[in-house]
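One structure below.
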Amino acid sequence: MLERFKGKTVIVTGSSSGIGEGCARRFASEGANVVLVARTKAKLDAVAASLDRGRTLAIAADVSKREDVARIVDATVERFGGIDVLHGNAGIVIDKPFEEFGADEWRETMAVDVDGLFHGAQLALPYLKKSKGCIVHTASVSGLGGDWNMSAYNAAKGAVVNFTRALALDLARYGIRVNAVAPSLTESGMTQDILADPKQMAKFRERIALGRHATPDDIAGPVAFLASDDARFVTGVILPVDGGLTASNGQPPQ
């Protein structure tokens, strides 16, 4: 295994399961100090227990709350001395018809999926300037096109896509790169109902060229690449990690 992140410190939000956990494990395997962040302490502690104690910090926090994000940044710097990579991955999805969607549910989706990235980037910025570090966001193919019954999630991930591009322009002057991955259906707590539904999965396999859903490890590799010096001339990129889903124009297989 490569050691591209040896001596570097990486914050991964939403890292108690799914993509975030997979990415945290990948960064740890490549030598990083890893800061695990999620709302559920018990799940965080379970992930942390399987990693190197000396290079792991687990913080239960809600990224939609600016004071929580400030606490994450302060604790990271106190423990490890700086920040090299911020992986903004925490997100939620509420799946229901638009006319049934509550204003509070809309606000919660935006607060976690979008505001959390704003807070993280702004509060970590002084330390990323020092390290000439980078930011990697988890966007989604749902930010590149629409889905049925997911209007808030689509709006939030669309915001993540363009926020990533704009932030890349604004922070390039400091030598800070900003990119995002856009996964398609991936194993996680949010997708377990879909994965357990044979009819739904048959439809997904028909649309995904590689014929399967993604695992967290499938996403972790591209995230690690974008965060590494191998991608030192890559910024403002939204990288689809989708098994060929977005290669199609939407027509069914012939």
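If SER188 satisfies all but one of (1) out of contact with any Cys (no Cβ under 9 Å at 6 or more places or on another chain); (2) closer than 11 Å to GLY236 by Cα; (3) of a type in the set (S, T, N, Q), what's the number of the condition it fails?
(2)
Report, ordered by the first and then the second residue, all pairs with beta carbons closer than 8 Å, sequence separation of six or more or different chains, a first member in segment 119-130 that is among the hydrophobic types (A, V, I, L, M, F, W, C), and a second member that is buried (at least 18 other Cβ atoms within 10 Å of the Cβ) and modelled with pLDDT under 95.
Once the first residue is among the hydrophobic types (A, V, I, L, M, F, W, C) and sits in segment 119-130, no partner that is buried (at least 18 other Cβ atoms within 10 Å of the Cβ) and modelled with pLDDT under 95 comes close enough.
Kindly list the number of the only condition in (1) surrounded by fewer than 13 Cβ atoms within 10 Å (Cβ to Cβ); (2) small (Gly, Ala, Ser); (3) at pLDDT 95 or above that fails for SER228.
The number of the failed condition is (1).
How many of the residues in segment 78-95 are under 18 Å from the mean Cα position of the chain (by Cα) and not β-branched (Val, Ile, Thr)?
7
Is there any pair with a first residue in segment 31-56 that is among the polar types (S, T, N, Q) and a second that is part of a loop (DSSP other than H, G, I, E, B) and surrounded by 14 or more Cβ atoms within 10 Å (Cβ to Cβ) whose Cβ atoms are under 6 Å apart and which are 6 or more apart or on different chains, and what are they?
THR40/SER16
Give GLY22, GLY31, GLY18 a once-over and let me know the one that is at positive phi and under 16 Å from the mean Cα position of the chain (by Cα).
Selected residue: GLY18, the only one of GLY22, GLY31, GLY18 that is at positive phi and under 16 Å from the mean Cα position of the chain (by Cα).
To keep it simple, each residue is scored yes or no on (1) in contact (Cβ under 8 Å) with a residue 12 or more places away in the chain; (2) more than 22 Å from ILE176 (Cβ to Cβ); (3) in a loop (DSSP other than H, G, I, E, B); (4) of a type in the set (Ser, Thr, Tyr).
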site	(1), (2), (3), (4)
ARG205	no, yes, no, no
ALA209	yes, yes, yes, no
ARG212	yes, yes, yes, no
ALA220	yes, no, no, no
VAL223	yes, no, no, no
ASP230	yes, no, no, no
THR235	yes, no, yes, yes
ASN249	no, yes, yes, no
PRO253	yes, yes, yes, no
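Does VAL63 count as within 25 Å of ARG177 (Cβ to Cβ), crowded, with 23+ Cβ neighbours inside 10 Å and under 14 Å from the mean Cα position of the chain (by Cα)?
It is true that VAL63 is within 25 Å of ARG177 (Cβ to Cβ), crowded, with 23+ Cβ neighbours inside 10 Å and under 14 Å from the mean Cα position of the chain (by Cα).
So if I check each of ALA90, ALA24, which one is closer than 21 Å to ASN179 by Cα, in contact with a Lys or Arg (Cβ under 9 Å, 6 or more places away or on another chain) and not charged (D, E, K, R)?
ALA90
Taking only segment 1-40 into account, find how many residues are of a type in the set (Gly, Ala, Ser) and touching a Cys at 6+ places or on another chain (Cβ under 6 Å).
Residues that pass the stated criteria total 0.
So MET201 ticks every box in (1) part of a helix (DSSP H, G or I); (2) among the aliphatic types (A, V, I, L, M); (3) under 25 Å from GLY120 (Cβ atoms) but one. Which box is left unticked?
(3)
Scanning segment 7-30 for residues that are without any contact (Cβ under 8 Å) to a residue 40 or more places away in the chain and surrounded by fewer than 24 Cβ atoms within 10 Å (Cβ to Cβ), which turns out farthest from ILE219 (Cα to Cα)?
Checked segment 7-30; the qualifying residue farthest from ILE219 (Cα to Cα) is GLY7.
Could you identify the single residue in VAL69, VAL93, VAL77, VAL73 that is assigned to a loop (DSSP other than H, G, I, E, B) and either of a type in the set (A, V, I, L, M, F, W, C) or surrounded by 15 or more Cβ atoms within 10 Å (Cβ to Cβ) (or both)?
Going through VAL69, VAL93, VAL77, VAL73 in turn, the sole match is VAL93.
Any residue that is polar (S, T, N, Q), farther than 22 Å from PHE5 by Cβ and touching a Pro at 6+ places or on another chain (Cβ under 9 Å) - is there at least one of those in segment 114-131?
For segment 114-131, residues polar (S, T, N, Q), farther than 22 Å from PHE5 by Cβ and touching a Pro at 6+ places or on another chain (Cβ under 9 Å): absent.
Sort out which residues of segment 96-122 are in a helix (DSSP H, G or I) and either more than 19 Å from the chain's Cα centre (by Cα) or among the hydroxyl-bearing types (Ser, Thr, Tyr) (or both), and write them in order of number.
Scanning segment 96-122 gives PHE98, GLU99, GLU100, ALA103, ASP104, GLU105, TRP106, ARG107, THR109.
The values are calculated or read from the model by the stated rules, or taken from the named source; none is laboratory data. None of the values given here were measured: they were computed from a predicted structure. Methodologically, a virtual Cβ is constructed for each residue, glycine included, from the backbone with ideal geometry; neighbour enumeration extends over all protein chains shown.
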